[in-house]
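The values are calculated or read from the model by the stated rules, or taken from the named source; none is laboratory data. Source: prediction; values computed, not measured. Cβ sites come from the backbone with ideal geometry, for glycine too, and all protein chains shown count toward neighbours.
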Amino acid sequence: MRKQIVAGNWKMNKNLQEGIDLCKSIIALTSEVTREVIISAPYIHLATLVDLCKGTNLKVAAQNCHHKQSGAYTGEVSTAMLADLGLDYVIIGHSERRAFNAETNSLLAEKIDAALSQNLKVIYCFGETLEERKSNVHFDLVRTQITEGVFHLSAEQMTKVVFAYEPVWAIGTGETASSEQVQEMHAHIRQVITSKYGSEVAQNTSILYGGSCKPSNSTDLFSQTDVDGGLIGGASLKVTDFVSIIKA
Ligand code: PGA
């Protein structure tokens, strides 16, 4: 059975005290929740959040990592360091990092290896831009992002990877893909995974949707057959919105 997951991606928002307050409120309001709940915060908050979340339902994720374990890489953080904090997950390949930091599928494949080598689970993000959708290359593009990002992994390693489909045109824009568009792409993603790993691995892989998911559309989105939860940006910064999405 694949996991149902809601992950909040705070991006570059919240100072430490605001993050602590938000985290405590989420913990208080989600003790009965059966979905897995993840919060992904800036690096400098992670140690504190891991401590706060010990013994609770919440898991903590980094938003990025470096692909090497140590060395002369000023300003970077390795997966060995993240694992040492007791972190559960790392987000890899978010569209903002692909766009603003020129992260390619092959670099992301190295980051995924670095994360798995430290027993961190991965949320692997991908998705098309509006131009790519309009040119009708979105299915092929997503196939390539998956093939080049994770197809070197073993079936056993695939159990540590959660997928997040994030159409770039719906991220932070208020524009949401329709539930039909989302289901169509998620079914495609599961088919791509099946073609390489077989249906048991594909059926056990959680595929999250990200892109202006909010309380008003999360129930509809999460009720689609191949949608196993969401990666939430803007709406994860407000406790009431985030908790209502978690409970959708
Ligand atoms: P959004 O961001 O919910 O603000 O659109 C989603 C994401 O980037 O994870």
Residue set His45, His67; condition within 21 Å of the chain's Cα centre (by Cα) and assigned to a loop (DSSP other than H, G, I, E, B); output residue His67
Meets criteria (out of contact with any His (no Cβ under 9 Å at 6 or more places or on another chain), in contact (Cβ under 8 Å) with a residue 12 or more places away in the chain and under 17 Å from Cys125 (Cβ atoms)) for Ile44: no
Reported set for the stretch 223-236 where residues are within 14 Å of the ligand (Cβ to nearest atom) and either within 18 Å of Thr205 (Cβ to Cβ) or of a type in the set (A, V, I, L, M, F, W, C) (or both) is Gly229, Gly230, Leu231, Ile232, Ala235
Exception for Ser31 within (1) at pLDDT 95 or above; (2) more than 12 Å from Asp88 (Cβ to Cβ) falls at (1)
So Leu52, is it crowded, with 22+ Cβ neighbours inside 10 Å, in contact (Cβ under 8 Å) with a residue 12 or more places away in the chain and part of a helix (DSSP H, G or I): no
Within the stretch 201-216, of all residues that are within 16 Å of the ligand (Cβ to nearest atom) and assigned to a helix (DSSP H, G or I), the one nearest to Gln4 (Cα to Cα) is Pro215
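Each row is one residue, and each column tells you yes or no for (1) in contact (Cβ under 8 Å) with a residue 24 or more places away in the chain; (2) within 16 Å of the ligand (Cβ to nearest atom).
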position: Leu141; (1), (2): no, no
position: Ile146; (1), (2): yes, no
position: Tyr165; (1), (2): yes, yes
position: Val168; (1), (2): yes, yes
position: Ile171; (1), (2): yes, yes
position: Val182; (1), (2): yes, yes
position: Ser195; (1), (2): no, no
position: Ser199; (1), (2): no, no
position: Asp220; (1), (2): yes, yes
Counting only residues that are more than 16 Å from the ligand (Cβ to nearest atom) and in a loop (DSSP other than H, G, I, E, B), the stretch 92-135 contains a total of 6
